[in-house]
Amino acid sequence: MRTNLKQIFLTGLAVIIPIGLTLYIIVFLIDTADSLLRIIPAKYHPDSVFGFRIPGLGIIFTVILIFISGLVTKSFFGRRIIQRGEELVEKVPFVGSIYQGIKKVSDGMLADRKTSFKKVVLVEFPRKGVYTIGFITGMPGGEIEKRSGQKCFGVFLPTTPNPTSGYLIMVPENELIQIDMSIEEALTYIISLGMVSSKEGLREYEKLPHEMNRRERQEEQSKDG
């Protein structure tokens, strides 16, 4: 009975945690987007116009603002205005450094798919005989290839369980181990701390609670016997 209650509780957690976190993130994003409406004068604020608060209106406002910014930036005069504004911001001490760092990160995230992860490989890291999953990001070429004296690839080694941080290393081509794993499968493997490596692995992973429950019952029966 105790084992069954434990299993039911763990099953409930497995259902509630993803749903709860998803709802929390959605509510957080809606509240954050709604806070952007504060830039609108109180007289024209939607809460004042309609007489009541409309949740999620900030998201619509944000999407419209992004679309208008894109249209303006696409035009010749819009690009000149943006360039002039960036030049002024870069001249401000400390603020310019922060802006440049954020801009480089955003440009990298929004870059064309040709500059995204290309293939999953195994790399000996952090020492010989120990392997970690990496993603080929491209060929640095130029000065790096000239100094190394061989063909190298840029490889991103993500950390776990947060794959947004990691290391960028340059690895010679003959030291890369090609593996038959998709980008999605590799990311799933990293985020799950190595517990889920593929679709087949996911099915086996889902069977684990039942197998553990069966083994516990067998152990209890053997103790009683």
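A short reminder: the numbers here are calculations on the coordinates, not readings from a lab. This is a predicted model, so every value here is computed, not measured. Quick reminder, even Gly has a Cβ in these numbers, built from the backbone with ideal geometry, and neighbours come from all protein chains shown.
Highest mean first, the peptides 21-34, 150-163, 38-51 sorted by other C-beta atoms within 10 Å per residue fall in the order 150-163, 21-34, 38-51. Name all residues of segment 58-78 having a backbone nitrogen under 17 Å from the label point set 7 Å from the Cα of Leu29 along its Cα→Cβ direction, giving them as ranges. Hits in segment 58-78 for Leu29 at 17 Å: 58-67. Paramagnetic label reach from Lys151 (point 7 Å along Cα→Cβ; backbone nitrogen cut-off under 16 Å): within segment 164-193, residues 171-178.
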